Amino acid sequence: MSGPGRVLVFGGDGQLGRGLRKAAADSRAELMALGHGEVDIADAGSVADAIANAAPGTVINAAAYTKVDDAEDETEAAYRVNRDGAANIARACARQGCALIHVSTDYVFDGTSERPWRPDDPPSPLNAYGATKLAGEEAVRAAGAQAAIVRTAWVFSPWGQNFVRSMLRLGRERERLTIVDDQTGSPTSAIDLARALLAAAPHVRDGVTGTFHFGGQPPVSWYGFARVIFDLAAPGWPRVPEVQPIPSSEFPTRARRPHYSVLDTSAFEAAFGYPAPDWRASLREVLGELGELETERGAT
């Protein structure tokens, strides 16, 4: 198996982009990460120039419009990044002959399955964000690039806006939290996802292409996820918040969310030899990075 060559990342300032920077530094992989301020992926010329100048063996598209509720009103902006930007990257990769890993989402599904979603299950997004990401997948497939599409879910990390950081903030501000308990998914550490994508990159470079799923295990609801966050982080707090479960109907949002977003990761493991991680261990790592574990706070 050949190596991935130099890895070029679009979306280098986001959660996954920062996870890729960390994972590459830890593994000494050769990686160049570009943020939105350096390249607007909706500008085809800028994308083509970036790929030509970097001469990567593999490109990872971690750039995305991810504001799920805002996408209901900012649909054109979401399509510009999630469809048009993805198309620009895939076409440039096809011309340059470099491999592509394109990151997508569980929100391409409607949440009605009674078993974990497989890569070949028919997509049916419930919201505008999911529709724009599905359009991006279709654009990547149409471009003719040597590409793997990797769907993931419920991404958390020490950086940016995500459920873990929100719970830590709200848990300190409020005595009582109500958390949705009828949406179930696969929490995924951006650091784990980054490691998995770097592990997959040489295989994609060697021609392993298609659509794959990667997410943490076991499945859990948002309420269950919150409980574990506070079980790990809050014992050292002066006050631990009360956490109560509620149905989605009591927490209305502009964009509809799927009730079941659990991903079947077996195809990813079979293709790339990288098993799905236990998100609870990954959560410990992220909380440690944030200095939120009791052992970290007590260290001298």
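Here, each number is a calculation from the coordinates, and none is a lab measurement. Model, not experiment: these values are computed from the prediction. FYI the Cβ positions are ideal-geometry reconstructions off the backbone, even for glycines, and counts take in every protein chain you see.
Some points to look at:
- Of the residues Asp84, Asp106, the one with the fewest other Cβ atoms within 10 Å heads the list, and the complete ranking is Asp84, Asp106.
- Descending by average beta-carbon neighbour count within 10 Å, the peptides 229-235, 111-117, 147-153, 186-192 line up as 186-192, 147-153, 229-235, 111-117, the highest first.
- Structure-based [θ]222 nm, the chain - -39500 (n - 2.57) summed over DSSP H runs of at least 4, per residue, nearest 500: -11500 deg cm²/dmol
- Cβ-based net charge around Tyr274, under 11 Å, with every Lys or Arg adding one and every Asp or Glu removing one: -1
- Rounded, prolate or oblate (a/c below 1.5 giving rounded, otherwise prolate when a/b exceeds b/c) for the range 23-80 by Cα gyration tensor: oblate
- Gyration tensor (alpha-carbon) shape descriptor, the range 59-116, a/c threshold 1.5: oblate
- Dipole-positive endmost among Leu31, Phe230, Ile246 within the chain (Cβ charges, Cα centre): Leu31
- Prolate/oblate/rounded label for the range 195-300 (Cα gyration tensor, a/c 1.5): oblate
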